[in-house]
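In what follows, a single structure is set out as structure tokens and then discussed.
The values are calculated or read from the model by the stated rules, or taken from the named source; none is laboratory data. Predicted model only: the values in this text are computed from it and were never measured. Note: ideal-geometry Cβ built from the backbone for every residue, glycine included; neighbour counts use all protein chains shown. To get the accessible areas, we keep the full protein, side chains included, count just its heavy atoms, and leave off ligands, DNA and RNA. Shrake-Rupley method; radii C 1.70, N 1.55, O 1.52, S 1.80 Å.
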Amino acid sequence: MTPLFSRSELDAAFPIVRQLVPETPAYLWPLLEKRFGFKIAVKHENHTPIGAFKARSSIVYIQKHIEAHGRPSGVVTATRGNHGQSMALAARTLGLPATIVVPEGNADGKNRAMQAFGATLVIEGRDFDISRRAAERIAEDSGFLMVPSFHKNIVLGVATYALEFFTAQPDLDVVYVPVGMGSGACGLITVRDLLGLKTEIVPVVTENAPAYGLSFETGAIVTTETARTFADGMACREPVQAALDILKAGAERIVCVTDDEIAEAVRVLFADTHNLAEGAGAAALAALARDAQRLKGKKAGIILSGGNLDETMMQTVLSGGTPMV
């Protein structure tokens, strides 16, 4: 399969990303190694200016659009939180107005964070996919640039974390990564292939939002009626064909975990690394925990993709429960 982008394109994305995001750390935590019995490198994308890996994406997408087509009158997108924060931060940096559509019941903390970056918030739809269609209508009516959750230039920005990770930890046997719309996993697969590494990339979904897992198994897009998970960064009902194509070509399997397993992984990360992970951010560790026996003697990596866990959910998780949504 032809790579989504070239190494030269990836290198050229770094100065754009570095306007907002310094290199994030990749730590080998000894308590995690003691718990599981093998080395685990954690890529801390929870340490970006928005607390999530998506900080790298929108700035690249918008800047590439400006270079090719000129400045838009504004930008609009749909999100459950991290993508919206990314766009709001990028728009503020580039001096553009931003409108963000979120679904009903979206995490209050993420809503307030997007507004704090200067975005106008619109609440519409019972889930992300309905909000996305609302954002597309707003873009058509207003003339604003629609910033998608998945696009070559979105993946290009996100993929800068993959190059950082593989450069800092070049001997990883396997890396686990959560899947929302697919940019993180597709970035890892593309960069691995550009570097000629043999690292296994394992995308992770939750059983409450299994659309990508079902699509991966069947080889064709499978949509679901709901995606009700507290791991809101993974709450996808309608996969993107371009992302599925990359996952099918570059991953041998997708692991499906439960929300209970994700909640336990949040507690483990808090106990062993003193980092708070949101649901999606802990999903990679949840999948690694399932595979622990087969990983003995290997070196594994996980993407802690974000730390924006709602306060109420945090209290539930750290007290031993699993949030219901």
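Tabulated values for the structure
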{"quantity": "Tally of residues being open to solvent by 40 Å² or more (accessible area, probe 1.4 Å), in contact (Cβ under 8 Å) with a residue 60 or more places away in the chain and out of contact with any Phe, Trp or Tyr (no Cβ under 8 Å at 6 or more places or on another chain) across the stretch 257-281", "calculated": "2"}
{"quantity": "Inter-residue pairs, beta-carbon under 8 Å, first more than 21 Å from G51 (Cα to Cα) and aliphatic (A, V, I, L, M) and in the stretch 149-176, second modelled with pLDDT of 95 or more and assigned to a helix (DSSP H, G or I), 6+ apart", "calculated": "L172/F165; L172/F166; V174/L295"}
{"quantity": "Elements of type strands (runs of 3 or more DSSP E) contained in the stretch 3-114, each with 2 or more residues being open to solvent by 20 Å² or more (accessible area, probe 1.4 Å)", "calculated": "26-28"}
{"quantity": "Selected residue (only one of I221, I254 is touching a Pro at 6+ places or on another chain (Cβ under 6 Å) and free of Cβ contacts under 8 Å to residues at least 40 places away in the same chain)", "calculated": "I221"}
{"quantity": "Hits in the stretch 229-252 (condition: surrounded by fewer than 15 Cβ atoms within 10 Å (Cβ to Cβ) and over 19 Å from A162 (Cβ atoms))", "calculated": "Q241"}
{"quantity": "Test: residue in the stretch 202-224 that is open to solvent by less than 10 Å² (accessible area, probe 1.4 Å), in contact with a Lys or Arg (Cβ under 9 Å, 6 or more places away or on another chain) and within 19 Å of A162 (Cβ to Cβ)", "calculated": "yes"}
{"quantity": "Residue match in the stretch 129-143 (condition: in contact with a helix residue (DSSP H, G or I) (Cβ under 9 Å, 6 or more places away or on another chain), crowded, with 20+ Cβ neighbours inside 10 Å and touching a residue at least 12 places away in the same chain (Cβ under 8 Å))", "calculated": "no"}
{"quantity": "Flag if V317 is on the phi < 0 side of the Ramachandran plot, β-branched (V, I, T) and open to solvent by 50 Å² or more (accessible area, probe 1.4 Å)", "calculated": "no"}
